[in-house]
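Below: the structure, in structure tokens.
The values are calculated or read from the model by the stated rules, or taken from the named source; none is laboratory data. If you're wondering where the values come from, they're calculated on a predicted model, not measured in any experiment. Positions of Cβ are generated from backbone atoms using ideal geometry, with glycine treated the same way; all protein chains shown enter the neighbour counts. Only protein heavy atoms, including side chains, enter the accessible area calculation; ligands, DNA and RNA are left aside. Shrake-Rupley method; radii C 1.70, N 1.55, O 1.52, S 1.80 Å.
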Amino acid sequence: MKTVYLSLGSNIGDREQMLQSALDRLHAPDLTIRRISSVYETEPVDFKQQRAFLNLVAEAETELFPMMLLSRIQKLELQLGRKRTGPPKGPRTIDIDILLYGSAQVHAARLEIPHPRMHERRFVLAPMVELAPDLRHPELHRTMRDLLAGFEGQRVRKVDFTPRKIQ
């Protein structure tokens with residue numbers, strides 16, 4: 001079993017329900033959600049003319065290999081209405097990224113692990129610090145706490161929505 005960290009975000013429709021639906025559907029015999037961070041409302045990055053995102057990070061365990069996990073995630077995104085049209089980094093019903101897969105490093109055309117921009121995203125680092133403050137980035141060799149402490153910019157704020165427990 002590998003411990004993986006997934007980032008989930010939504011800024012179209014009922015954002016809270018979309019996050020909950022994604023968590024419910026992710027949790028299965030091949031992927032067990034162990035812990036979920038608080039939910040953060042985040043200003044958009046790159047493409048600014050869109051609604052704020054709700055983001056969280058989930059810690060899970062899986063026996064799926066990285067490319068199998070990616071395929072499963074992309075299938076789920078499609079089921080939840082994700083369309084890969086429009087501007088890059090534009091509005092999304094759901095966006096699920098693999099941040100970390102154990103201490104593995106994957107550099108393939110379709111997948112980069114650790115996520116290549118996770119250290120540039122406060123909406124990833126803040127929830128990561130909640131779940132695993134002393135976890136080291138496999139390439140940068142810095143803890144999540146240290147990466148967040150050195151981060152400037154991008155507003156994020158905790159919201160009162162808490163996803164219900166995954167059974």
The number of Lys pairs in the chain whose alpha carbons lie under 19 Å apart, excluding pairs fewer than 8 residues apart on one chain, is 4
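Would you compute, from DSSP H runs of 4+ residues alone, the mean residue ellipticity of the chain at 222 nm, taking -39500 (n - 2.57) per run and dividing by the full residue count, rounded to the nearest 500? Walk me through the numbers before you get to the answer.
Numbers: 4 runs with 42 residues, N = 167.
About -7500 deg cm²/dmol.
Could you size up the charge dipole of the chain around its Cα centre, putting +1 on the beta carbon of Lys and Arg and -1 on that of Asp and Glu, and report it in debye to the nearest 20? All intermediate terms of the calculation are to be shown ahead of the outcome.
Numbers: 26 positive and 21 negative charges, 71 e Å.
Around 340 debye, computed over the chain.
For the chain, what does the convex hull of the Cα positions come to per residue, in cubic angstrom?
Dividing the Cα hull volume of the chain by its residues yields 110 Å³.
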Of 12, 113, which has the most accessible area and how do the rest follow, probe 1.4 Å?
12, 113
Rounded to the nearest percent, how much of the accessible area of the chain (1.4 Å probe, protein heavy atoms only) is carbon and sulfur?
51 percent
Taking 0.36 nm per residue of separation and subtracting the Cα-Cα distance, what length does fully extending residue 17 through residue 151 add?
45.3 nm
Using the heavy atoms of the protein chains and a 1.4 angstrom probe, tell me the accessible area per residue for the chain in square angstrom.
52 Å²
